[in-house]
Amino acid sequence: MNRTLPPARDLPPGRQAEIRAQLERAVTARRAFRYAPLITATVAVVAVVAAVAFLAPWQRNNTVAPAQSTTGTASATTPAQTRPVIPGLSPQRVVEIEEGCPTVAGVQGQATLYQYVEDEAGKFGLLYTRDTALDCTIDGPAMPFNSGLAAGLALDWLPGHFSVDHNSGMAGGDVPGNKSVYRGQHGWRAVSGRVSPEVARVTYTNDGRTVEATVANGTYVARIVHPTTWAIPEDDTMGEIRAYDSVGRQLGSSNDLNGRCFVTPEDRKVIHSGSNGADPATCAPATRWR
């Protein structure tokens, strides 16, 4: 666990001090997990709270140093050209989330909010910079923002019709050993990523349940909410994500990604290496995102 607080960034008056003070109180937060994403050979996964991160079997030999983040304007650093529409949030609140989530994760460069959802487990946001995906819990009991990240991603491309940029979760607040501040908090699992224009529906199956994802702005977010007493299983699994088109035809499954590799069509750069490594000559062409 990294106990080093993030460097200061420009935030609304008083917000930076509030975030840092709450971080100091929350560095030993309830148990979390974050799986490495399924989409690229260049991956880094970080969480501000105490976390256990797992690499899927096909990723353990494929990780390299993450790409260096770059700074710039929103139009220069975000993958999409049109700014995402986030219903129910004021422009000021969107800016607070876009500044607070990357700050606690230590991410440089402009982040853009692509999705914001609320459920029994609380508020959750999905953000992207040029090469980093952030899954961020918002207005939690111990801190206003808490974000995991996957860095060094080739966000212009998809391995087929969708990516799995985050697969993460949090134990329930009433699990023995948790701090009192988390009492009553639901446990949860969440998956999120990007989709091609053909994708109209995404489902997530785990723990014997299947839930519908929210699909918006070329992305998806699905969260399974558990009771406050839910503990992370010892024999944990990543579950399965499936994508469908508008007439119900299945376009792909996360299980399909295990043994497949994908490359950019022109320069044959590997963006997903699969479980057995990647020979660019045998890889399928990637799909451009947006």
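Cβ-Cβ contacts under 7 Å between residues 6 or more apart (or on different chains), taken from a first residue in segment 96-117 that is in contact (Cβ under 8 Å) with a residue 40 or more places away in the chain to a second residue that is open to solvent by 10 Å² or more (accessible area, probe 1.4 Å) and small (Gly, Ala, Ser), are listed as VAL107/SER69; GLY109/SER69; GLY109/GLY72; GLN115/ALA216.
Could you look through segment 222-259, keep only residues that are more than 26 Å from GLY122 (Cα to Cα) and aliphatic (A, V, I, L, M), and pick out the one that is nearest to the chain's Cα centre (by Cα)? Looking at residues that are more than 26 Å from GLY122 (Cα to Cα) and aliphatic (A, V, I, L, M), I get LEU257. Looking across segment 99-114, the residues that are part of a helix (DSSP H, G or I) and more than 14 Å from the chain's Cα centre (by Cα) come down to GLU99, GLY100, THR103, VAL104.
Report whether or not ALA216 is closer than 24 Å to ALA121 by Cβ and out of contact with any Asp or Glu (no Cβ under 8 Å at 6 or more places or on another chain). Here the answer is yes, as ALA216 does meet what is asked. Of the numbered criteria (1) in contact with a strand residue (DSSP E or B) (Cβ under 8 Å, 6 or more places away or on another chain); (2) farther than 18 Å from PHE162 by Cα; (3) without any contact (Cβ under 8 Å) to a residue 40 or more places away in the chain, the one PRO227 fails is (3). Within segment 192-222, the set of residues being part of a strand (DSSP E or B) and either touching a His at 6+ places or on another chain (Cβ under 6 Å) or open to solvent by 30 Å² or more (accessible area, probe 1.4 Å) (or both) comprises SER192, ARG201, THR205, ARG209, THR210, GLU212, THR214, VAL215, ALA216. Filtering segment 135-167 to residues that are in contact with a Gly (Cβ under 7 Å, 6 or more places away or on another chain), closer than 22 Å to SER196 by Cα and either open to solvent by less than 10 Å² (accessible area, probe 1.4 Å) or assigned to a strand (DSSP E or B) (or both) leaves ASP135, PHE162, SER163, VAL164, ASP165, HIS166.
Hey, could you check segment 115-133 for residues that are part of a strand (DSSP E or B) and open to solvent by 30 Å² or more (accessible area, probe 1.4 Å) and say which is nearest to LEU89 (Cα to Cα)? Looking at residues that are part of a strand (DSSP E or B) and open to solvent by 30 Å² or more (accessible area, probe 1.4 Å), I get TYR116. Checking each residue in segment 262-289 for being part of a loop (DSSP other than H, G, I, E, B), in contact (Cβ under 8 Å) with a residue 24 or more places away in the chain and either over 26 Å from MET238 (Cβ atoms) or open to solvent by less than 20 Å² (accessible area, probe 1.4 Å) (or both) picks out THR264, SER273, GLY274, ALA286, TRP289. Looking at segment 156-169, can you tell me whether even one residue there is in contact with a Phe, Trp or Tyr (Cβ under 7 Å, 6 or more places away or on another chain) and more than 30 Å from ALA284 (Cα to Cα)? The answer is yes; a qualifying residue exists.
Scanning segment 87-114 for residues that are surrounded by fewer than 23 Cβ atoms within 10 Å (Cβ to Cβ) and among the small types (Gly, Ala, Ser), we see that the one that is farthest from ILE138 (Cα to Cα) is GLY109. Restricting segment 224-253 to residues that are over 30 Å from ASN178 (Cβ atoms) and of a type in the set (S, T, N, Q), the residue that is least open to solvent (accessible area, probe 1.4 Å) is SER253.
The number of residues in segment 237-261 that are under 20 Å from GLY218 (Cα atoms), in a loop (DSSP other than H, G, I, E, B) and among the β-branched types (Val, Ile, Thr) comes to 1.
The values are calculated or read from the model by the stated rules, or taken from the named source; none is laboratory data. Only a predicted model underlies this, so the values are computations on that prediction, with no experimental measurement involved. Note: ideal-geometry Cβ built from the backbone for every residue, glycine included; neighbour counts use all protein chains shown. Heavy atoms of the whole protein, side chains included, go into the accessibility calculation; ligands, DNA and RNA do not. Shrake-Rupley method; radii C 1.70, N 1.55, O 1.52, S 1.80 Å.
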